[in-house]
Amino acid sequence: MQDNLIKDNKGTDIRIIVGGYEIAGWDEASFDSAIDIPADAFSVTLFDPVYDHLPETVAAGKTFQAYYGKELVMTGVVDRIAEAIGRKGRGLQISGRDLVGQLIDCSVPVFSGRQVTLEVLLNKYVKSGDLGSLFKNIELQNNAWLKNNISVEPGESLWDSIVKAAQVTGQHVWLKADGTLVVGDPFKSAKQLQTALSLMFDGDDNNMLDAQYAEDVSGVFGQIKILSQGSDAKSILSEAKSNTTYGYNRLKIVSLGDIETKAEADTAIKKIKADNDLEAYSLTTNVVGWLIDGKVWQTGCYVNLQSDVLSRATAKWAIMGRTLELSRDAGQTTKLKLKRQGDWAQPLINKEKQSKASMKKKKKDKAAKNVEKNQTAGAKK
């Protein structure tokens with residue numbers, strides 16, 4: 001198959017491998033990667049393929065890899081293969097999702113409710129479980145999180161359980177384009193790209209083909225208050241103010257029943273404000289080629305934008321998603337989904353609701369401690 005490899009205008013190989021079989025001669029392709037959306041999609045289309053019969057290894061349910069040169073830009077599992085034939089010729093389309101798709105589809109192998117740690121979920125049920133052949137690399141920014149403990153019920157998906165266990169310490173879970181499952185903060189060590197996005201009137205050094213910038217402040221408030229009740233039955237109040245474009249104050253009051261301390265309320269209000277800002281400002285652009293600073297575009301990086309025709313969008317941006325695309329008409333392009341740098345906030349700490357038996361035991365233990373305390377005080381008198 002090496003003689004039929006697709007190459008870009010720089011001579012770099014673009015390779016598609018399905019079930020260990022390399023397919024050449026494809027005409028259109030799309031490879032997604034996003035921090036905030038699980039199970040990124042891929043699609044490859046061939047017009048008038050030269051293959052009379054593809055081997056049995058090229059089938060739905062088989063593994064999929066896409067390489068740009070030596071760099072792995074997508075790894076997943078084929079969900080669907082469609083073939084068509086007509087007077088104008090034949091067509092073949094292969095589509096699927098990255099490896100997270102399997103975590104979403106498959107359940108944790110438990111048949112009764114139980115407590116499970118993140119370590120057991122990742123090492124026993126993923127790496128050493130039925131999906132072990134898919135997940136070669138798992139990264140945690142802090143190994144202490146492996147002890148995070150959650151309750152899992154029969155039928156609960158592996159993905160939901162892993163996300164829930166990660167959120168015990170307020171962590172995010174995502175999949176890198178090379179198939180590495182990561183737990184932590186996607187912007188903890190974000191790389192600042194040296195090359196800026198450019199969309200200037202003279203067009204001499206532009207690398208952007210188009211751009212769509214949007215401000216939607218309908219979810220932005222000048223004042224946010226959180227109300228809750230602590231374990232001691234005392235009211236908890238946290239408040240945050242910010243400048244907005246409105247000429248008047250917009251108040252938002254949020255009632256959260258699982259907030260027990262002032263510190264938790266302060267963290268929650270920062271998260272709410274950050275999420276509102278994250279949704280308010282967005283930039284989508286298509287750029288030339290698949291490379292930036294000599295490497296394939298990746299999520300979790302920061303990039304600057306300079307423009308004299310879209311001045312509102314001139315700012316520092318965070319790459320939340322990217323789609324590598326190839327077509328007969330446009331050649332190689334990359335679609336970027338950008339959010340303002342600094343607006344990302346980690347998930348709130350997951351606090352599971354305690355069972356009635358557990359709550360009853362705590363109340364009993366607390367009552368026993370109070371009795372013991374009173375007896376001690378009486379003895380001192």
Any residue at all in segment 85-96 that's within 17 Å of Asp130 (Cα to Cα), surrounded by 14 or more Cβ atoms within 10 Å (Cβ to Cβ) and either β-branched (Val, Ile, Thr) or not assigned by TED's automatic domain parsing to the domain that holds Gln298 (or both)? no
Among the residues of segment 283-299, is any at pLDDT 95 or above and either within 22 Å of Gly219 (Cα to Cα) or outside the structural domain of Asn206 (by TED's automatic domain parsing) (or both)? yes
Does Ala214 satisfy the criteria of being over 26 Å from Phe111 (Cα atoms), hydrophobic (A, V, I, L, M, F, W, C), within 24 Å of the chain's Cα centre (by Cα) and loosely packed, with under 14 Cβ neighbours inside 10 Å? yes
Residue list for segment 276-310, restricted to those being of a type in the set (Ser, Thr, Tyr) and under 23 Å from the mean Cα position of the chain (by Cα): Tyr281, Ser282, Thr284, Thr285, Thr299, Tyr302
Could you tell me whether Asn304 is in contact with a helix residue (DSSP H, G or I) (Cβ under 9 Å, 6 or more places away or on another chain), surrounded by 16 or more Cβ atoms within 10 Å (Cβ to Cβ) and in contact (Cβ under 8 Å) with a residue 12 or more places away in the chain? no
Looking at segment 166-186, can you tell me whether even one residue there is outside the structural domain of Tyr281 (by TED's automatic domain parsing), closer than 30 Å to Val288 by Cα and of a type in the set (S, T, N, Q)? yes
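Yes/no matrix, rows are residues, columns are (1) under 18 Å from Glu325 (Cβ atoms); (2) over 23 Å from the mean Cα position of the chain (by Cα); (3) assigned to a helix (DSSP H, G or I):
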| residue | (1), (2), (3) |
| --- | --- |
| Ala66 | yes, no, no |
| Val78 | no, no, no |
| Ala82 | no, yes, no |
| Gln93 | yes, yes, no |
| Gly96 | yes, no, no |
| Leu103 | no, no, yes |
| Pro109 | no, yes, no |
| Ser112 | no, yes, no |
| Asn123 | no, no, yes |
Extreme residue, surrounded by the most Cβ atoms within 10 Å (Cβ to Cβ), among residues of segment 162-180 that are among the aliphatic types (A, V, I, L, M) and not in a loop (DSSP other than H, G, I, E, B): Ala165
For segment 136-156, what are the residues that are surrounded by 16 or more Cβ atoms within 10 Å (Cβ to Cβ) and either closer than 22 Å to Lys176 by Cβ or touching a Cys at 6+ places or on another chain (Cβ under 6 Å) (or both)? Leu140, Trp145, Leu146, Asn148
With the requirement that a residue be of a type in the set (Val, Ile, Thr) and part of a loop (DSSP other than H, G, I, E, B), what does segment 181-203 give you? Thr195
Selection from segment 228-261 of residues that are loosely packed, with under 15 Cβ neighbours inside 10 Å, among the charged types (D, E, K, R) and in contact (Cβ under 8 Å) with a residue 12 or more places away in the chain: Glu239, Lys241, Arg250, Asp258
Just the residues that are modelled with pLDDT under 95, closer than 16 Å to Leu134 by Cβ and among the small types (Gly, Ala, Ser), please, taken from segment 154-179. Ala177, Gly179
Restricting segment 97-115 to residues that are at pLDDT 95 or above and among the aliphatic types (A, V, I, L, M), which is surrounded by the most Cβ atoms within 10 Å (Cβ to Cβ)? Leu103
Pairs under 6 Å by beta carbon, first residue in the same structural domain as Leu72 (by TED's automatic domain parsing) in segment 18-32, partner assigned to a strand (DSSP E or B) and surrounded by fewer than 17 Cβ atoms within 10 Å (Cβ to Cβ), six or more apart or different chains? Asp27/Phe47; Glu28/Ser327; Ser30/Ser43
With (1) touching a residue at least 40 places away in the same chain (Cβ under 8 Å); (2) loosely packed, with under 14 Cβ neighbours inside 10 Å as the list, and Gly132 as the residue in question, which single condition is left unmet? (1)
What tally of residues in segment 212-250 results from selecting those that are farther than 18 Å from Asp275 by Cβ, in contact with a Ser or Thr (Cβ under 9 Å, 6 or more places away or on another chain) and modelled with pLDDT of 90 or more? 2
Pick from segment 55-71 the residues that are aliphatic (A, V, I, L, M) and more than 19 Å from Asp178 (Cα to Cα): which of them is modelled with the lowest pLDDT? Val58
Residue satisfying condition, being under 24 Å from the mean Cα position of the chain (by Cα), modelled with pLDDT of 90 or more and under 30 Å from Glu260 (Cα atoms), within set Ala313, Ala345: Ala345
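The values are calculated or read from the model by the stated rules, or taken from the named source; none is laboratory data. Just so it is clear, the structure is predicted and the values come from calculations on it, not from any experiment. Virtual Cβ from ideal backbone geometry, glycine too; neighbours counted across all protein chains shown.
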